[in-house]
Amino acid sequence: MEIRIPEPEIIKAAEEGMDAFLELFRRYTLDAIGGELNAESMQKLSPDQITLLAYMVVREEVMDGGFVQLIHNGYGPFIFLNPFAKAMRLWGAHDFQKLIYRGRKLFETYGDELTKDCTDEEFMALFEQYPEFDDLDDEFIEMEEDVTELVARYVDEHISTFAEVNSEQ
């Protein structure tokens, strides 16, 4: 799928920092597929575009509520049962890849329990019931800035695999 981003928007986002830069690419990519990432819309995207969206999901979910929330919200199969970790290794995020592989083992062990429908109160109790995820959450929080910088650098260095830069005003 061809995604066109105006060059001035890319320059402005880059000046604002890596978060704004990645968010710009995430937004344009999601807009191009109708705002929803699913099996059908993924077929329209390149592996790099899917990997970027996957990283943004991990980052948002884990920073907000940890891996328990990521799994509970249904992202476990997308993150752990697809080649996301391998892609992160290929992008140079070796420690993050190892973290995702450890998360996959926990997902395979506890995923069914974590994805059951529950009340807000029962959801909050999951964090106490599954302390195995605490170390993963802490490790991600410690590495998040470095991984985000690495991802932003990868996007910048391979920009044509993510979008066409539209230099016309």
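Which trypsin sites (Lys or Arg not before Pro) in segment 44-137 sit in a loop by DSSP (not H, G, I, E or B) and have at most 16 other Cβ atoms within 10 Å of their own Cβ? Numbers along the way, then the final one.
Details: sites: Lys44, Arg59, Lys86, Arg89, Lys98, Arg102, Arg104, Lys105, Lys116; in loops: Lys44, Lys116.
Here the sparse-neighbourhood loop sites are Lys44, Lys116.
Once you mark the GluC sites (Glu not before Pro) that are in a DSSP loop and have at most 16 other Cβ atoms within 10 Å, what is the longest gap between them in the chain?
37-167
Could you check how much of the accessible area of the chain is carbon and sulfur, as a whole percent, using a 1.4 Å probe?
Roughly 46 percent, rounded to a whole number.
In straight Cα distance, which lysines are under 30 Å from Lys44, not counting same-chain residues fewer than 8 positions off?
Correct list for Lys44: Lys12, Lys86, Lys98, Lys105.
At what distance in nm do the modelled label points of Tyr101 and Val165 sit from each other, each positioned 7 Å from its Cα along Cα→Cβ?
3.5
On each of the three principal axes of the Cα atoms of segment 1-147, give max minus min coordinate, whole Å, ordered largest first.
48, 32, 28
Hey, what's the Cα Rg ratio for segment 86-169 versus the globular rule of thumb, 2.2 N^0.38 Å?
Relative to the rule-of-thumb radius for its length, segment 86-169 sits at 1.48.
For segment 41-154, report the accessible area per residue in Å² (1.4 Å probe, heavy atoms, rounded to an integer). Provide the component values of the computation, followed by the final result.
Numbers: 5980 Å² over 114 residues.
Per residue, segment 41-154 has 52 Å² of solvent-accessible surface.
Working from Cα positions, state the angle (0 to 90°, nearest 10) between the long axis of helix 47-72 and the longest principal axis of the chain.
The angle comes out near 30 degrees.
Can you give the calculated 222 nm mean residue ellipticity of the chain, where each DSSP H run of n ≥ 4 adds -39,500 (n - 2.57) and the sum is split over every residue, rounded to the nearest 500 deg cm²/dmol?
-23500 deg cm²/dmol
From the phi of every residue in segment 101-107, what ³J(HN,Hα) in whole Hz does the Karplus formula 6.51 cos²θ - 1.76 cosθ + 1.60 yield, where θ is phi - 60° and glycine or proline is x?
Per residue, the Karplus-derived 3J(HN,Hα) values read 5, 5, x, 4, 4, 5, 4 Hz.
Taking the Cα centre of the chain as origin and charging only Cβ (+1 Lys, Arg; -1 Asp, Glu), how large is the dipole, in debye to the nearest 20?
Roughly 860 debye for the chain.
How high is the relative contact order of the chain? Use alpha-carbon pairs under 8 Å, at least six apart in sequence, and give a whole percent. Intermediate results must be reported in sequence, preceding the final value.
Details: 142 pairs, mean separation 62.4, N = 169.
With pairs under 8 Å counted, the relative contact order is 37 percent.
The values are calculated or read from the model by the stated rules, or taken from the named source; none is laboratory data. Everything numeric in this text was worked out from a predicted model, so none of it was measured. Glycine gets a Cβ as well: all are built from the backbone with ideal geometry, and neighbour counts include every protein chain shown. Protein only, heavy atoms only, side chains kept; ligands, DNA and RNA dropped before computing areas. Shrake-Rupley method; radii C 1.70, N 1.55, O 1.52, S 1.80 Å.
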